[in-house]
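A quick write-up on the structure given underneath.
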Amino acid sequence: MGYNVSVDFKAKLKDVPEDPGVYMMLDKDGEIIYVGKAKRLKARLRQYFYQSGNKTAKVMAMLAHVADFRYIICPSEVDALVTENNLIKKYTPKYNILLKDDKSYPFLRIDMHEDFPGVRLVRRLKSDGAQYFGPYMQSVNIRDITDLIHTAFKVRDCSRDLTKPSRPCLNFHLGKCLAPCSGKVSSEEYKEEVKKVISFLKGNDREVERILTERMMQFADGENFEVALSYKHKLKVLDNLVRKQVSALPKDLDLDIFAYESNGVMGAVNMLVVRAGKLVGGDNRVFAAADEDISSYIYQFYLAAPPVCNEIVTDCAGDAEALETAVNSLAGHTVRVIEPKQGVRRQLLDLSHSNARDALEKFGSREERRVLRTEGAVKQLGELLGLHTLPNRIEAYDISHISGTDKVASMAVFEGGEPKKAHYRKFRIKTVEGNNDFACMKEALTRRLMRLKEGEDESFATPPDLILIDGGKGQLAYALEALKECGEEDLEILSLAKREEEVFLGSSPKQSILLPRDSVALQMLQRVRDEAHRFAITYHRTLRGKHMSETALMKVPGIGRERAARLIKEFGSAENVRHAGEERIAALEGFSLSSARKLLAALNAQESGVDVPKTTDKTDVSSDGGTSENDEKDKE
């Protein structure tokens, strides 16, 4: 069913109950685009449809496509979590985190109910009474683990039928298996050896280290150095595994750590795995989803492979109690869900967040990441602010001065989310007296807009899609006056205040907008604002440096404003003049070799701190020993 008539969400919310349940967001075509759960349906849905600065960029983008919502009341939060996952599987909504792939991780399986248990590598967990160890992810090679086991312990790695005795294989003669296939060992004796393997997988590394060291020394004493080196290599592998021990954690503790990060367009979930007190691996998954908590994702994850951990550590689980109850029903043993505030678990969770952020930054190709930060940010900004025109060309303005002196303004230009430096422009403020940033902003913007229709300058002749003012409501008010006086009131304009990064739109200047902190749109606005600030400060420093240099030159008897300006134009600064040399200075109009020498002597005296005596002799540094008309004017 489609929706041609807009739904009054606030009116519909009045009939929503406070019970636990599941809600579904529908688009204009009646398609389910998001499924969520809530401890209190009414309170949760109000967060979507009432003004709030806490929404993520992806949630705000989703809401732009929501035409209606439905809900299902559930007996409890746990039932809501289960129902949510069933609906996600059924409808695969585009804004939900979905486990679409069949990615699985390796486990080691030991079934002590067998007469002669083996150590098996599996990728699916079953409720069959066996013991499972894992999962083993990146940074730990499961083949290294099984190799250590079969080197240190005499357990079988074959799949022979043991109901009938047979000749033992080579492993028996190499001392690597007790050969249960030959009937020479009892089930009880063999299981004692398997218990040592289980102890090792639970964190007891000492026994393996002792066995490997003894055998290495034994082969070395027998001058069988090649085999001794192989044991030395296995000891190194074991040492690398031991080094993954997390300090302050019990050696028998198993943790799964989950963290979620978003840039407003994509989201990433990182999972770190601690087994036997060791950090044995982790993995990342990146999604285009609007989820604000990942309890649904965690439940989906464990539906595919029931947890073998003791604790789940996360700060993104929404209702942790409901998640804990649901996960325990899958695990068959007690699993705690913990949201740590400090300690080693908090440190591990912070590490998981860092990995998730890194996964987002590195997701896709370099070109895809560039497009996300530029074109993607432009599109997202238009969506979040509801702009009528995509803000492809953004012009940003900033003011720079020191106590009202050397006042300048900058105009930085971004097109498609990237700086277009050939279109940058700068202004020296001419009409404003004293320290008045507001009036300076109005002057700069007025001068820019007055040149919009001239067509002589490519940058000024190109109309902006969005004007960005550095500041708050005060700067925006003066900028709006400039737009009105220039007849350009239709231009989109906003200001960005530094303290809270509040956005004030020209269309509603009294109401601030807080863009999501995770949004690439806000990050782009910050880059544009900071670039305008940098450009303004650079110009101000250059101008101030010229003034300081002119002042230093004008202290030299016989050098007026025009001559000082001529020197600065040629050499850039008083310091450069001092190092320029007599010939280069004498080549300038109005200077001779004699006057150049006197100028350099005066500058060197200033540099060394010697006072240059004042004189009424107008021939000090003038050319040909005469007094020029310009020098007289400079002195006036």
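Just so you know, all these numbers are worked out from the coordinates, no wet-lab data involved. Owing to the predicted nature of the structure, the values given are computational and were not obtained by experimental measurement. FYI the Cβ positions are ideal-geometry reconstructions off the backbone, even for glycines, and counts take in every protein chain you see.
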Exercise. Work out from phi, with θ = phi - 60° and the Karplus expression 6.51 cos²θ - 1.76 cosθ + 1.60, the ³J(HN,Hα) of each residue of segment 36-43, listed in order in whole Hz, and give x for Gly and Pro.
Key: x, 10, 8, 6, 9, 4, 4, 5
Quiz prompt | Fewest-first sequence of His333, His233, His540, His65 by Cβ atoms within 10 Å of each Cβ | solution = His333, His233, His65, His540
Quiz item: Between (i) 1.07; (ii) 0.98; (iii) 1.45, which matches Cα Rg over 2.2 N^0.38 Å calculated for the structure shown?
Solution: (iii)
Quiz item: Within the chain, which is the longest segment containing none of the chymotrypsin sites (Phe, Trp or Tyr not before Pro) that sit in a DSSP loop and have at most 14 other Cβ atoms within 10 Å?
Solution: 51-636
Practice problem: Taking H placed 1.01 Å from N in the peptide plane, check which residues at least 5 places from Asp291 or on another chain put their amide H under 5 Å from its amide H. | Solution: Ile97
Quiz prompt | In degrees, nearest ten, helix 142-152 long axis to first principal axis of the chain (Cα) | solution = 40
Quiz item: Taking neighbour counts of Cβ atoms within 10 Å as a proxy for exposure, in what order, fewest first, do Asp465, Asp490 appear?
Solution: Asp490, Asp465
Practice problem: Select from segment 126-211 those trypsin sites (Lys or Arg not before Pro) which occupy a DSSP coil region and have at most 10 other Cβ atoms within 10 Å, ordered by residue number. | Solution: Lys126
Quiz item: Given Cα pairs under 8 Å that are at least 6 residues apart, what percent is the relative contact order of segment 93-220?
Solution: 20
Quiz item: By how many degrees, between 0 and 90 and to the nearest 10, does the Cα long axis of helix 295-304 differ from the longest principal axis of the chain?
Solution: 40
Practice problem: Can you find, among Val274, Met112, Asn576, the residue farthest towards the positive end of the dipole of the chain? Put +1 on the C-beta of Lys and Arg, -1 on that of Asp and Glu. | Solution: Met112
Self-check item: Mean residue ellipticity (222 nm) of the chain, computed from DSSP H runs ≥ 4 via -39,500 (n - 2.57), nearest 500
Solution: -13000 deg cm²/dmol
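Please give me, ordered by residue number, the trypsin sites (Lys or Arg not before Pro) of segment 348-391 that lie in loop per DSSP and have at most 15 other Cβ atoms within 10 Å.
none
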Quiz item: In whole Hz, what ³J(HN,Hα) sequence does segment 417-430 give by Karplus (6.51, -1.76, 1.60; θ = phi - 60°), x for Gly and Pro?
Solution: x, 10, x, 10, 5, 5, 9, 5, 9, 9, 10, 9, 5, 10
Quiz item: In percent, how large is the relative contact order of the chain, given Cα pairs closer than 8 Å and 6 or more residues apart?
Solution: 9
Quiz item: Which order do Thr56, Thr431 fall in if you start with the one that has the fewest other Cβ atoms within 10 Å?
Solution: Thr431, Thr56
Quiz prompt | C-alpha long axis of helix 225-242 to longest principal axis of the chain, angle in ° | solution = 70
Quiz item: Which value in nm describes the separation of the simple spin-label points at Ala461 and Lys362, placed 7 Å from the Cα toward the beta carbon?
Solution: 4.8
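For segment 13-93, which trypsin sites (Lys or Arg not before Pro) pass both filters: DSSP loop (anything but H, G, I, E, B) and at most 13 other C-beta atoms within 10 Å?
Lys14, Lys28
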Quiz prompt | Pair Lys555, Ala64: separation of 7 Å Cα→Cβ label points (nm) | solution = 5.9
